[in-house]
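Inspection log for the structure reproduced underneath, given as structure tokens.
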Amino acid sequence: MSKVRRRQPSRSDAQLDESFFSRPAEIVARNLIGTILVRQLRTRQLRGRIVETEAYVGPHDLACHAAKGRTRRTEVMFGPPGRAYVYFIYGMYEMLNIVTGGEGDAQAVLVRAADPLDGWEENLSGPGRLARGFGIKLSENALDLTTSKKLFVTPDPTSRPPRIVRTPRVGVDYAKHWKDELLRFVDADSAAVSKPRPPRQST
DNA sequence: ATGTCGATTTAC
DNA sequence: TAAATCGACATC
């Protein structure tokens, strides 16, 4: 019998790859909760534990930008999974999404909030603040997060599975019945979840 | 070339 | 409750 080797918590764990992201957005959004977003800058590394996501499930989803068709902005969503979909909104905020599903599926997950790690003091609660905190700009659009050394996601081998709550997505009242779909996922035990804080019931 | 809008945040 | 502020998109 070989000895079971307990895994050492390692600072840079395996970068999540295409097999992780090439699933439906709803699944990826759920499984992204509790993972770690890593940003490698010139002089320092920024890390945050993802605690809130939203799934945008395809062109038929009226809240999804892909519902507007294939345009310059939405182009990356129609490409391979694991790419960053970054867009600029309200004249001042970038939003970080990760493309999911098979190539051509046009699904994505919006990363809405994270708990800063390693003693980093930053408010990462809300998609605008999260992208700003991590220094993510429009220029990161289409970056391949499965191979990039500048921006990627890793599992958190030290944490036990989070308690997850589902709610409707934020700010998509225009999307007909799609506004009511439970496609927002939050860590029920995190204080960093953004504004519309859900009741503490688990799913 | 011009007009509208927005997966937000912040201030009043 | 509303202003801030600008890229993408639609339209002319």
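Bear in mind that the values in this text are calculations on the coordinates, not laboratory data. Quick caveat: nothing in here was measured; it's all calculated off a predicted structure. We place every Cβ from the backbone using ideal geometry, glycine too, and count neighbours over all the protein chains shown.
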Would you please list the contacts, defined by Cβ atoms under 6 Å and residues six or more apart or on different chains, that run from a residue in segment A:118-142 that is touching a residue at least 60 places away in the same chain (Cβ under 8 Å) and among the aromatic types (Phe, Trp, Tyr) to a residue that is away from DNA strand C (no atom under 14 Å from the Cβ) and part of a strand (DSSP E or B)? A:Phe134/A:Arg39; A:Phe134/A:Leu46
Among the candidates A:Ile98, A:Ile136, residue that is part of a loop (DSSP other than H, G, I, E, B), within 21 Å of A:Phe21 (Cβ to Cβ) and either in contact with a strand residue (DSSP E or B) (Cβ under 6 Å, 6 or more places away or on another chain) or near DNA strand B (Cβ under 9 Å from one of its atoms) (or both): A:Ile136
Could you figure out which of (1) part of a strand (DSSP E or B); (2) of a type in the set (A, V, I, L, M, F, W, C); (3) surrounded by 15 or more Cβ atoms within 10 Å (Cβ to Cβ) isn't true of A:Met77? (1)
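Across segment A:86-95, what is the total count of residues that are assigned to a strand (DSSP E or B) and either within 9 Å of DNA strand B (Cβ to nearest atom) or under 15 Å from A:Phe21 (Cα atoms) (or both)?
Going through segment A:86-95 one residue at a time, the tally reaches 5.
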Residue under question is A:Val172, and the condition is that it be assigned to a strand (DSSP E or B) and in contact with a Phe, Trp or Tyr (Cβ under 8 Å, 6 or more places away or on another chain); does it hold? no
Restricting attention to segment A:37-71, which residues are in a strand (DSSP E or B) and surrounded by fewer than 19 Cβ atoms within 10 Å (Cβ to Cβ)? A:Arg39, A:Gln40, A:Gln45
Consider segment A:107-133. How many of its residues are touching a Ser or Thr at 6+ places or on another chain (Cβ under 7 Å) and outside any strand (DSSP E or B)? 1
Check off (1) in contact with a Gly (Cβ under 9 Å, 6 or more places away or on another chain); (2) more than 16 Å from DNA strand C (Cβ to nearest atom) for A:Ser194 and give me the number that stays unchecked. (2)
Limited to segment A:69-88, what total is found for residues that are under 21 Å from A:Arg184 (Cα atoms) and either without any contact (Cβ under 8 Å) to a residue 24 or more places away in the chain or within 8 Å of DNA strand C (Cβ to nearest atom) (or both)? 3
